[in-house]
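First the structure, in the form of structure tokens, and then the observations on it.
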Amino acid sequence: MREQILAGIDIGSSKIATIVGIISEDSGEIRVIGFNISPSRGVKKGLITDIEQVTAAVEESVEKAERMAGHKINQAFVSVGGPHISSLNSHGIVAVSTQNHEITHEDVDRVIDAARAISLSTTRQIIEVSPREYSVDGQSGINNPVGMSGVRLEVDTHIITASTTNLKNIDRCLEDLGIANAGYIFSGVASSEAVLTDTEKDLGVVVVDIGGGKIDMCIYVEGALSYSASIPIGAKHITNDIAVGLRVSLESAEKIKLYLSKHAKAIQESLKKRNPEHKFTLDQLNLPEQVSDVTPKTILSGIIAPRLEEIFSFIGEEIDRSNFGKQIPSGLVITGGGAQTIGMIEMGRKILGLPIRIGISNKLTGLTDEVTDPQFATTGGLIFYGGKYSYGDGAGEKDFKQVLKGVSLGGSIGKLKDFLKQFLP
Ligand SMILES: Nc1ncnc2c1ncn2[C@@H]1O[C@H](COP(=O)(O)OP(=O)(O)OP(=O)(O)O)[C@@H](O)[C@H]1O
Ligand SMILES: [Mg+2]
């Protein structure tokens, strides 16, 4: 059985998460053999603000994941997110090159290249080119034109760009650790790939990854990635609000938030009654500050709810901006650590009037108990998406190196495979 090692590093604002898996090239199944989650340092809203600190934090996480997996990480897919991300949809057109007018893989590569030829400032770089649909001689709605007959091939693509400076900073950090970059993946795309079903993508859905410092969003319409964005607000803001509102430290505020979120169901049930039982008191947390006179109700309605309202109004604005608001009957799939905040789903339904579910990454096998928490959606997605387009059923369709450098490195996937083979058990 042919197997390859895959690794992913999610550089988040709250945590650095590393995952190591083995993909079977025959079945495409990915088995997780190691992972780690370590506190993040030097990252704000998805932007690296201190390379030395980030490098040390990534090193810690990578070393622990390597030890667990029993393999060294020499190459990894890495997440990119935050408000420096922007997206656009671009169209490409080429004449079919073969004499018998049968469309080949080369024609598809050329038409995608034509679509990616957008004018970009030197401060921005393309990190994702995703075909939405092809048309052959004016007939649209084609998923895969290879083998069809025609003279004119067109494609609609979704393109994601990121700040060159931030990408360079990520590269510096990986270089210092001797890890080759297998490809940047927008964290919103990684999370989407980890948590969405094909039906949701086909019907139309919005994925919202609520992290510590930012919210990454992707919209899928008719099966295709059609809009991406990132909002510079995250679940840490809720912690800050609690700290300010109750005059407690950030550590205590985080403990309070997690305690309320853990008992969300029971607390909400109790609050629905006219005379709620006050069995949920903050006394149990043994905080250094005096907070025994504060009830969950005060924190929920006075502190958390207004922030959640703001978060969903930003998400709503972004959906409006995408112009796909009428094409998302599957509603929202929320993920990321912040998705578990008490009251999140209820507030989302109220503000946006859309169905909402929490998304977890369940497409991997192996050590999955630990990685099915929503905060791992991006991490799991990195190796799921990276593996699919490097060795799985999408192999060869997406050349991460080409996306990275904007030039064709001919055969880089083959080289990558050879390179990785030496680390196999
Ligand atoms: N069980 C939970 N209940 C409520 N909130 C939680 C829970 N677990 C994590 N969080 C919150 O989720 C946030 C971290 O989420 P996540 O790990 O997805 O962020 P990140 O990926 O490091 O950051 P970002 O994507 O913004 O760069 C923190 O604010 C944390 O308090
Ligand atoms: Mg994240």
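Things to note:
So that you can scan it fast, the table gives a plain yes or no per residue for (1) within 18 Å of the chain's Cα centre (by Cα); (2) within 15 Å of ligand 2 (Cβ to nearest atom); (3) at positive phi; (4) modelled with pLDDT under 95:
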position	(1), (2), (3), (4)
G331	yes, no, yes, no
I334	yes, yes, no, no
G338	yes, yes, no, no
I345	no, no, no, no
L367	no, no, no, yes
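- Of the residues making up the stretch 131-164, those that are over 20 Å from the mean Cα position of the chain (by Cα) and among the hydroxyl-bearing types (S, T, Y) are Y134, S135, S140, S149.
- Residues that are touching a residue at least 24 places away in the same chain (Cβ under 8 Å), within 25 Å of G188 (Cβ to Cβ) and of a type in the set (V, I, T) number at least 3 in the following strands (runs of 3 or more DSSP E) confined to the stretch 84-158: 124-136.
- From the options R124, R67, residue that is among the basic types (K, R), within 26 Å of D373 (Cβ to Cβ), away from ligand 1 (no atom under 15 Å from the Cβ) and modelled with pLDDT of 95 or more: R67
- Every listed requirement among (1) within 16 Å of ligand 1 (Cβ to nearest atom); (2) in contact with a Leu (Cβ under 8 Å, 6 or more places away or on another chain); (3) outside any strand (DSSP E or B) is met by E59 save one, (1).
- In the stretch 1-17, residue farthest from ligand 2 (Cβ to nearest atom) [restricted to those that are more than 14 Å from the chain's Cα centre (by Cα) and polar (S, T, N, Q)]: Q4
- Residue in the stretch 387-402 that is at pLDDT below 90, part of a helix (DSSP H, G or I), among the small types (G, A, S) and away from ligand 1 (no atom under 16 Å from the Cβ) present: yes
- Flag if S292 is surrounded by 15 or more Cβ atoms within 10 Å (Cβ to Cβ) and either hydroxyl-bearing (S, T, Y) or in a helix (DSSP H, G or I) (or both): no
- When the helices (runs of 4 or more DSSP H) confined to the stretch 166-256 are screened for residues that are within 15 Å of ligand 1 (Cβ to nearest atom), those reaching at least 1 such residues are found at 187-195, 235-246.
- Reported count of residues in the stretch 332-382, each being closer than 19 Å to A190 by Cα, in contact with a Leu (Cβ under 8 Å, 6 or more places away or on another chain) and not in a strand (DSSP E or B), is 3.
- Sole exception among (1) more than 14 Å from ligand 2 (Cβ to nearest atom); (2) buried (at least 21 other Cβ atoms within 10 Å of the Cβ); (3) within 22 Å of S191 (Cα to Cα) for A69, by number: (3)
- Condition met for S79 (at pLDDT 95 or above, within 29 Å of Y227 (Cα to Cα), part of a loop (DSSP other than H, G, I, E, B) and not hydrophobic (A, V, I, L, M, F, W, C)): no
- Only one of A7, A56 that is touching a residue at least 12 places away in the same chain (Cβ under 8 Å), among the small types (G, A, S) and surrounded by fewer than 19 Cβ atoms within 10 Å (Cβ to Cβ): A56
- Residue selection: I23 satisfies the criterion of being under 21 Å from L367 (Cα atoms), touching a Leu at 6+ places or on another chain (Cβ under 6 Å) and in a strand (DSSP E or B).
- Exactly one residue out of I215, I231, I219 is under 18 Å from R349 (Cα atoms), within 14 Å of ligand 2 (Cβ to nearest atom) and either without any contact (Cβ under 8 Å) to a residue 40 or more places away in the chain or under 16 Å from the mean Cα position of the chain (by Cα) (or both), and it is I215.
- The stretch 26-40 - residue that is outside any strand (DSSP E or B) and more than 15 Å from ligand 2 (Cβ to nearest atom) and, of those, surrounded by the most Cβ atoms within 10 Å (Cβ to Cβ): E29
- R307 vs. criteria touching an Asp or Glu at 6+ places or on another chain (Cβ under 7 Å) and of a type in the set (K, R): yes
The values are calculated or read from the model by the stated rules, or taken from the named source; none is laboratory data. Predicted, not measured: the structure shown is a model, and the values here were computed from it. Here the Cβ is made from the backbone with ideal geometry for all residues, glycine too, and neighbour counts use every protein chain on show.
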